[in-house]
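What follows draws every value from the coordinates through simple rules; no lab data is involved. In this text, all values refer to a predicted model and were calculated from it rather than measured experimentally. Every residue, glycine as well, gets a Cβ built from its backbone with ideal geometry; the counts of neighbours run over all protein chains shown.
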Amino acid sequence: MKHFQIAFLGGGPGGYVGALRAAQLGLSVALVETDRVGGTCLNRGCIPTKTLVKSAEVLREIQRAEEFGISVEPPVVDFAQVMARKDKIVSTLLGGIGKLLKESNVQVIEGFGEFKQTGCLEVKTKNGSEIITADHIVLATGSVPIRIPIPGADLPGVITSDEILTDTSLPEQLVIIGGGVIGLEFASIYQAFGVQVTVVEMLPTILPNGDEEVSKRLIPLLKRSGIDILTKTAVKEIRNEDRLVVVVEDNKGSREILANKVLLATGRRPNLQGIDVEGLGLQTERGAIVVNRQMQTNLPNVYAIGDVVGGIMLAHVASTEGIIAVEHIAGHSVEMDYRAIPSVSFTHPEVATVGITEQELKTRGTKYKVSKFPYSANGMALALGESMGNVKLLADEQGVILGASILGFQASTLIHELALAVEKKLLGKDLAHMVHAHPTLSEIIMEAAHGIDEKPLHLA
Ligand code: FAD
């Protein structure tokens, strides 16, 4: 039996980043992983999808080449190669994480871990069973896709993000159920590769957790790119005829959409497999482990982090929670702060938000100022041929930036200046008076910041 100061159950971006931080702090660490380190994010989520986003972007750029004065032959897509590139990048990163963990002296134990008794994990390895004990256990078992209970959801060809990422063929028609981040990212990717994509969303809008105005502006842009988006539409059933038949219903009645593949992008739920929730008396709420701001569960010396605690299911949230848990175990005075979490949809165009949304401000009855600046008035955006979209800032009456959203090229990178502003409670004028290099897309943020107290300079 081996003993550690911390044992992580699950090696995704929550568990493995927490383990690395624990090792940095000089603690002895075990990491139990049943599949591959890096978890959903590296193997079936963030990274594989972004390699596909990039291939789609390259294709779009080539298709627009003439606009930039360059003549090219019509491009040919070899989707098997697109997927092979994805696998290569994932395995490079996988090797990198494995090496990092080894060099940090994190003991990786490969096998399915069971947590039935505090202070102890029983791991089913390929050679049998191994018991490890630890002063502190951190549960980081992540999440799994939800298969909605509609007739036909288990038919062949009805797949989740896990399966679509291993399919090297392109369907002719793809129906995506769910207009959240995951569904829309796949919609943008597959549309670029010439697939006829329909997104079916039950709610009145897409990206329901983001800024409503941005979601409303995104719909026509996605439609213009060729994606069919049906909101306020419910999927009633999926049938298998010579193709899949998706029966949908809106306020005008029901109709059928044909598809070769149906992607279920209807959310994810915390994964509690291997955790004896009842036996241990572990407190959960709507299937997620309940934790405090230090990531402690109701059980002594048991922490939980990442998707398994619900809330904002993003990799950087899981990693930050892992670091907070470990630092708390090491005796530091820390707490998780969710005010300034950037959230990105790698759609075409990208959407990024941070902090509070306009609808939340309205609901709270907070008086606020709003300032927007369009990409189309920025020199760099025009030079790049990316003039679609805008930056929107929300500030309180004193000008303190509370939230922001960006719709447009490189929103995923630009949002971090605004995350810093929300985190550090900066004023609009702090950003406006900070010198921004010219010509850059960052100047769009500077201009929008001018608009909090006064007016942008380059807008009539
Ligand atoms: P996971 O990454 O799910 O890792 C949990 C690990 O625990 C898994 O490796 C699992 O095998 C292991 N495990 C579970 N139970 C046991 C057990 N009993 N014993 C041993 N091991 C166990 N987030 C972003 O921030 N940006 C993105 O661009 C992004 N894109 C995404 C795209 C897709 C298609 C998907 C599905 C998700 C995406 N996400 C993205 C979300 C992100 O992947 C998750 O938020 C993140 O992986 C959660 O990390 P985690 O460590 O909590 O759990």
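Taking 7 Å steps out from each Cα toward its Cβ at residue 77 and residue 147 produces label points 2.7 nm apart. Computed from the C-beta positions of residue 127 and residue 387 and an R0 of 51 Å, the FRET efficiency is 0.30 to the nearest 0.05.
Evaluated at 20 °C with a viscosity of 1.002 mPa s, what Stokes-Einstein diffusion coefficient in µm²/s does region 343-453 have when Rh comes from the Kirkwood expression over alpha-carbon pairs? Don't skip to the end; give the middle numbers.
Working: Rh = 13.7 Å.
My calculation gives 157 µm²/s for D.
Distance cut-off 19 Å, Cα to Cα: go down the list 372/455; 369/425; 50/261 and report the pairs above it. Numbers along the way, then the final one.
Values: 372/455 10 Å; 369/425 15 Å; 50/261 21 Å.
Distance filter (> 19 Å) returns 50/261.
Per residue, how much space in cubic angstrom lies within the convex hull of the C-alpha atoms of region 158-266? Don't jump to the answer; show the numbers that get you there.
Numbers: hull volume 10.3 nm³, N = 109.
Value for region 158-266: 95 Å³ per residue.
Between residue 63 and residue 434, the simple spin-label model (points 7 angstrom out along Cα→Cβ) gives 3.6 nm. Based on the reciprocal of the average 1/r between different C-alpha atoms, the Kirkwood radius for the chain equals 23.9 Å. In this Cβ point-charge picture (+1 for Lys and Arg, -1 for Asp and Glu), region 158-266 has a dipole of about 340 debye about its Cα centre.
In a shell of Cβ-Cβ distance under 10 Å around residue 385, excluding residue 385 itself, what net charge do Lys and Arg (+1) and Asp and Glu (-1) give? Charge balance near residue 385 sits at -2.
About its Cα centre, what dipole magnitude does region 1-156 give when the only charges are +1 on Lys and Arg Cβ and -1 on Asp and Glu Cβ, stated in debye to the nearest 20?
On the way: 17 positive and 16 negative charges, 48 e Å.
Result for region 1-156 is approximately 240 debye, rounded to the nearest 20.
Fully extending the segment from residue 24 to residue 85 would add 18.7 nm, taking 0.36 nm per residue of separation and subtracting the current Cα-Cα distance. Within the shell defined by Cβ-Cβ distances under 11 Å, the residues around residue 187 carry a net charge of -2, with Lys and Arg each +1 and Asp and Glu each -1. Among the listed pairs 2/86; 362/429; 392/424, which are separated by more than 26 Å between their Cα atoms? Beyond 26 Å between Cα atoms: 2/86. When only Cα pairs below 8 angstrom with a gap of at least 6 residues are kept, region 339-439 shows a relative contact order of 30 percent. Taking a spot 7 Å from the Cα of residue 167 along the direction of its beta carbon, which residues of region 231-258 have an amide N less than 17 Å from it? Zone members listed by number: 238-247, 257-258.
Taking the mean number of other Cβ atoms within 10 Å as a proxy for protection, how do you rank 196-208, 362-374, 58-70 from highest to lowest?
196-208, 362-374, 58-70
Taking the DSSP bridge list for the chain and keeping only pairs wholly inside it, about 60 percent are antiparallel.
Considering all C-alpha pairs of region 243-330, those separated by over 16 Å amount to 64%.
Tell me the net charge near residue 288. Cut-off is 10 Å between Cβ atoms, residue 288 excluded, with +1 for each Lys or Arg and -1 for each Asp or Glu. Within the 10 Å Cβ shell, the charges total 0.
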